[in-house]
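Student: First the structure, then my questions, so here it is.
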Amino acid sequence: MDLKEKLSELVGSDAFLDDPASLQNYATDYSYTPRGAPGCVVKPANSEEVSKVIGVCNQNAIPVVPCSSKVHFYGATIPKEGGVVLDMSRMDRILEIDPDNRRVRFEAGVTWDKLTKALEKEGFRVIMPLTPPAERSVLTDFLEREEPTNQVYDYGEPLQGMEVVWPTGEIFRMGSASVEGYPDSPSKGGNPSGPGLDFYRFFQCAQGTMGVVTWTNLKIESIPKMDKILFAPIVDLDYAINFLYRILPRRIGQEVLLLNNVDLAAILAQDWPADFEKLKATLPPWTLILVISGLLRRPEEKIAYEENFLAQVIKNEFSDLRLDENLPGFPGLRNKLLPILRKPWPADVPHWKNRVKGACQSLFFHTRPVKAQQFVTRIREIAVNHGYPLSDIGMYIQPIEHNRACRPEFTFFYDPGNEGEKSAVRALYKDAAKLLLNEGAVFTRPYGDLAPIVYERAASYAAALKRLKKVFDPNNIMNPSNLCF
């Protein structure tokens, strides 16, 4: 029996694909990463099938590329060396919702659309990143440490105990999910680390190079009883950052973020492209979006307290800041934007990042908020050098941990059918990454072209990763040629 026959037998013929048309569906994503088709695709139904597939591939030194949806932006699921794509989309069960411990357990193929609807019925929600696509895997976003727009909660780690399959095929449970009797054990898998060594971070930002996460526990929160969304037009970015330094350490607000006119126009536009062009021309350079909420107990008092605090801070220290329920010139915006922040991007509408020109490349990193304006200036300078229009750059700044840090994101839109534009954006992206790295940007997710730029600056770190990889993946089968492997 050859390898393909063996894999087909393991998952069933209906869950095995090797026809050319199907393979080409896995050869690209929404990035400019070069095409790379697999030799076959398998769709396991459970952890045991994942284990068997990986075990066979490990015995035969066949590359394995895991993916959990077809919504990917950075090239991490495109096979670089052929092999087998392990498509986890069939594993889409929500295994349990635990209200008492504010925890949900679900499989890798569960999408944002499915999870948010199931939790909403129980009065809960996931603290989500900005507009995740409805059909994208929730687990993928949390493994990749996508920053949520809500920073009021002290999440040391939103992921909890999880199950993984090592590159040898061994099934392994982490944290308190590893204790005897799980999932009926008293701990309920609520702790991501221990007993003993903390393994779960091996899989974060590893792009499937360390193994496969089959299911996880995730923290959830109650849906607020009351919400009030506030807007402030911003011209001086440093002024807005100083305001956030003043309010966020006091735990004021739920969702809080800064969007420039390009990103906000792309998110809000309905009649495309007329609405987009009009909004881009009329929105302020930046918009601060701040949501204050009342949860289950005394919601009116909580909102009143936060409103009073904000009024006093603005009156006494930031009199030039206009924070209101309406953005001047855009009536009704509050009714439209809050659902956008709380629900995934609709599956029947092209994601706003792809609506602008068809494709985009985003450059994001961590830094101190006081350096945000410096990085905006540098991006503008290098865009001019590359001939990229300043008016077309999307910018998004996400405060982190009560404004201890922030995550700036710069998005360069391009026409994927225009090879000249694609090449120009790729050159701009690489040069910008090098410049920002020199000025202190911290890239925690080095995808594609960014990986060699980052890892050549951290030789000892890369060497340690390679030694670790050799321990858990001695045949280097898991998503080879990604990161520094």
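The values are calculated or read from the model by the stated rules, or taken from the named source; none is laboratory data. Fair warning: this is a prediction, and the values are worked out from it, not measured in the lab. Positions of Cβ are backbone-derived with ideal geometry, glycine not excepted, and every protein chain shown enters the neighbour counts. Surface areas here come from the heavy atoms of the whole protein model, side chains and all, with no ligands, DNA or RNA. Shrake-Rupley method; radii C 1.70, N 1.55, O 1.52, S 1.80 Å.
Student: So how many Å³ per residue does the convex hull of the Cα atoms of the chain work out to?
Tutor: Spelled out: Cα convex hull of the chain, divided by residues, is 150 Å³.
Student: Continuing with the same structure: In terms of the ratio Rg/(2.2 N^0.38 Å) built on C-alpha atoms, what value belongs to region 357-444?
Tutor: 1.08
Student: For region 94-222, with all protein chains present and a 1.4 Å probe, just round the carbon and sulfur fraction of the accessible area to a whole percent.
Tutor: Within region 94-222, the accessible surface is 48 percent carbon and sulfur.
Student: Note the direction-averaged projected area, equal to a quarter of the hull surface, for the Cα convex hull of region 94-222, in nm².
Tutor: Reported value for the Cα convex hull: 7.7 nm².
Student: Are there any trypsin sites (Lys or Arg not before Pro) in region 246-290 that are in a DSSP loop and have at most 14 other Cβ atoms within 10 Å? List them by number.
Tutor: R251
Student: Subtracting the Cα-Cα distance from 0.36 nm times the residue separation, let me have the gained length for K430 to L3 in nm, one decimal.
Tutor: Here the segment from K430 to L3 would lengthen by 149.8 nm.
Student: Per residue, how many Å² of accessible area does the chain show with a 1.4 Å probe?
Tutor: Ligands and nucleic acids excluded, the figure is 41 Å² per residue.
Student: Of the accessible area of region 334-429, with the probe set at 1.4 angstrom, what percent is carbon plus sulfur?
Tutor: 52
Student: What is the extension gain from S391 to Q24, computed as 0.36 nm multiplied by their sequence separation minus the C-alpha to C-alpha distance, in nm to one decimal?
Tutor: 128.6 nm
Student: Taking the chain as the reference, fit the longest principal axis to its C-alpha atoms, fit the long axis of helix 47-59 to the helix C-alpha atoms, and give the angle between the two in degrees, 0 to 90, nearest 10.
Tutor: The angle comes out near 60 degrees.
Student: Now for a separate question. List the lysines whose alpha-carbon lies under 28 Å from that of K371, not counting same-chain residues fewer than 8 positions away?
Tutor: Partners found: K280, K315, K353, K430, K434.
Student: Per 10 Å bin, what percent of the C-alpha pairs of region 3-87 does each bin hold, from zero upward?
Tutor: 19, 54, 25, 2
Student: Mind ranking 256-265, 431-440 by how tightly packed they are, going by the mean number of other C-beta atoms within 10 angstrom, highest first?
Tutor: Ranking, from highest mean packing down: 256-265, 431-440.
Student: Taking every alpha carbon pair in region 224-346, what does the distance histogram look like in 10 angstrom bins from 0, in percent?
Tutor: Calculated P(r), rounded to whole percents: 12, 43, 33, 11, 1.
Student: Using helices alone, what [θ] at 222 nm do you get for the chain, with -39,500 (n - 2.57) per DSSP H run of 4 or more residues, divided over all residues and rounded to the nearest 500?
Tutor: For the chain, the value works out to -10000 deg cm²/dmol.
Student: Please list, or write none, the lysines whose alpha carbon is within less than 29 Å of the alpha carbon of K4, excluding same-chain residues fewer than 8 places away.
Tutor: By straight Cα distance, K4 reaches K43, K52, K70, K80, K469, K470.
Student: Accessible surface of S13 in the full protein assembly, 1.4 angstrom probe, to the nearest 10 Å²?
Tutor: 80
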